[in-house]
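Asks: Questions regarding the structure given below will be posed in turn.
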Amino acid sequence: MKLGRESSAKPNYDILALVTLDKNRIIGGKQLSLLAKDEEEQKTMTADLAKALKADVVHMTSGDYLVIRV
């Protein structure tokens, strides 16, 4: 079972934004990190960002959303 990429392989995507409900998951980086007040706002913010940036959305099992460009 292979869980990830080789550490020397460069990812072929960019993380443009993280939208979360947990302020403890905002740890920095070059992506835009946004804290939503509830799930409805989180979904709306994510959809609006993805549309504006012409990007894709990944809903993580943690509940956070990533806006990525492949």
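Asks: Does any residue in the range 33-62 that is under 16 Å from Asp22 (Cβ atoms) come within less than 9 Å, Cβ to Cβ, of a residue that is among the hydrophobic types (A, V, I, L, M, F, W, C) and open to solvent by 100 Å² or more (accessible area, probe 1.4 Å) six or more places away or on a different chain, and which pairs are these?
Replies: Between residues of the range 33-62 that are under 16 Å from Asp22 (Cβ atoms) and residues that are among the hydrophobic types (A, V, I, L, M, F, W, C) and open to solvent by 100 Å² or more (accessible area, probe 1.4 Å), the close pairs are Ser33/Ile27.
Asks: Go through the range 40-70 and report how many residues are open to solvent by less than 60 Å² (accessible area, probe 1.4 Å) and outside any helix (DSSP H, G or I).
Replies: Matching residues across the range 40-70 total 9.
Asks: Could you say which residue among Lys37, Lys10 is basic (Lys, Arg), assigned to a loop (DSSP other than H, G, I, E, B), open to solvent by 80 Å² or more (accessible area, probe 1.4 Å) and at pLDDT below 95?
Replies: Lys10
Asks: Another question, then. Would you say Ala47 is touching a Leu at 6+ places or on another chain (Cβ under 6 Å) and aliphatic (A, V, I, L, M)?
Replies: So Ala47 fails the test.
Asks: Can you tell me which residue within the range 13-22, out of those that are at pLDDT 95 or above and not in a strand (DSSP E or B), is surrounded by the most Cβ atoms within 10 Å (Cβ to Cβ)?
Replies: Out of the qualifying residues, it is Leu21.
The values are calculated or read from the model by the stated rules, or taken from the named source; none is laboratory data. Since the model is a prediction, treat every value here as computed from it, not as a measurement. When we count neighbours, we look across all protein chains shown, and the Cβ atoms used for this are built from the backbone with ideal geometry, even at glycine. Note: areas computed on protein heavy atoms with side chains; ligands, DNA, RNA excluded. Shrake-Rupley method; radii C 1.70, N 1.55, O 1.52, S 1.80 Å.
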